[in-house]
1. Label points 7 Å out from Cα along the Cβ direction at Ile51 and Ala74: separation in nm?
2. Please state the relative contact order of the chain as a whole percent: Cα pairs under 8 Å, 6+ residues apart?
3. Can you list which of the trypsin sites (Lys or Arg not before Pro) found in the stretch 1-108 are DSSP loop residues with at most 14 other C-beta atoms within 10 Å?
4. Give the residue list of trypsin sites (Lys or Arg not before Pro) in the stretch 86-187 that are DSSP loop and have at most 11 other beta-carbon atoms within 10 angstrom.
5. Run the accessible area of the stretch 69-203 with a 1.4 Å probe and give the carbon-and-sulfur part as a rounded percent.
6. Once ligands and nucleic acids are excluded and a 1.4 Å probe is used, how much of Phe127 is accessible, expressed in Å² to the nearest 10?
7. Glu84: accessible area at probe 1.4 Å, nearest 10 Å²?
8. Show Glu22, Glu160 ordered by accessible area, largest first, where the area counts protein heavy atoms only and the probe is 1.4 Å.
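The values are calculated or read from the model by the stated rules, or taken from the named source; none is laboratory data. The structure displayed is predicted, hence computed values, not measured ones. Here the Cβ positions follow ideal geometry from the backbone for every residue, glycine too, while neighbour counts run over all protein chains shown. Calculation scope for accessible area: heavy atoms of the full protein, side chains included, ligands and nucleic acids excluded. Shrake-Rupley method; radii C 1.70, N 1.55, O 1.52, S 1.80 Å.
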Amino acid sequence: RDYIFDDFNISQGDKVIASLNEETTEVWWFYPSAASDENDRYVVYNYGEKIWYYGTLGRTAWMDRGIFTYPIAASDDGYLYEHENGFNDGSTFPASAINAYIQSSPVDIGDGEQFMFIRRVIPDLQFRDSTNPDPQVDLTVRVRNFSGGTFLNTQTKTIEQSTEQLFYRLRGRQMSLYYESDQTDMTWRLGSTRMDIRADGRR
């Protein structure tokens with residue numbers, strides 16, 4: 001809630017739109033951030049999974065699939081876009097990669113009273129349906145010592161089709177996972193990540 005309403009252009013609030021993507025059990029709201037006069041952000045409630053997520057994308061109108069195969073949305077650049085179709089950004093010519101990422105909330109053990117040592121990550125990530133011959137996703141593990149502080153240490157490893165496990169050496173009270181990709185002709189699906197974590201001292 002703070003992320004959205006602390007960065008919201010109230011004077012352009014009439015431009016906010018709500019939309020439905022029934023196949024993915026999602027309700028979307030597109031809204032203008034404080035620095036924009038047009039919708040450039042979104043927030044989504046997935047009523048099937050009962051979770052929220054948000055990101056950056058400008059849309060001014062939306063129609064769910066029905067008479068059309070895919071949802072269709074309008075942008076302030078004057079074009080209509082099919083959603084849930086293809087892997088690339090069709091607003092450029094030639095089509096360019098979509099920068100895709102997902103970040104976890106901070107995780108701790110012992111309510112943050114205990115330091116942890118992160119040694120290994122077993123990613124549950126699939127590149128199903130990708131046509132890129134060498135798809136890759138970067139996984140960054142970030143750690144910090146205090147909940148209000150910045151992430152002090154990070155390590156990034158690359159997940160490929162043959163990757164079974166990744167090894168890290170990080171210590172902190174809290175950690176967060178950040179998955180990111182920026183390749184054309186690629187899609188990926190994230191499952192349940194497993195981590196090798198043990199309680200550890202400060203040193």
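1. Here the modelled spin labels are 3.3 nm apart.
2. Working: 442 pairs, mean separation 36.9, N = 203.
It comes to 18 percent, rounded to a whole number.
3. Values: sites: Arg1, Lys15, Arg41, Lys50, Arg59, Arg65; in loops: Arg1, Lys50, Arg59, Arg65.
Of the trypsin sites (Lys or Arg not before Pro), the ones in loops of the stretch 1-108 whose Cβ has at most 14 other Cβ atoms within 10 Å are Arg1, Lys50.
4. Values: sites: Arg119, Arg120, Arg128, Arg142, Arg144, Lys157, Arg169, Arg171, Arg173; in loops: Arg128, Arg173.
Those that pass, being in a loop and sparsely packed, are Arg128.
5. Numbers: 3600 of 8380 Å².
The value for the stretch 69-203 is 43 percent carbon and sulfur by accessible area.
6. In the full protein context, Phe127 sits at about 30 Å².
7. Glu84 has an accessible surface of roughly 100 Å² with all protein chains in place.
8. Working: Glu22 115, Glu160 70 Å².
Largest accessible area first, the list is Glu22, Glu160.
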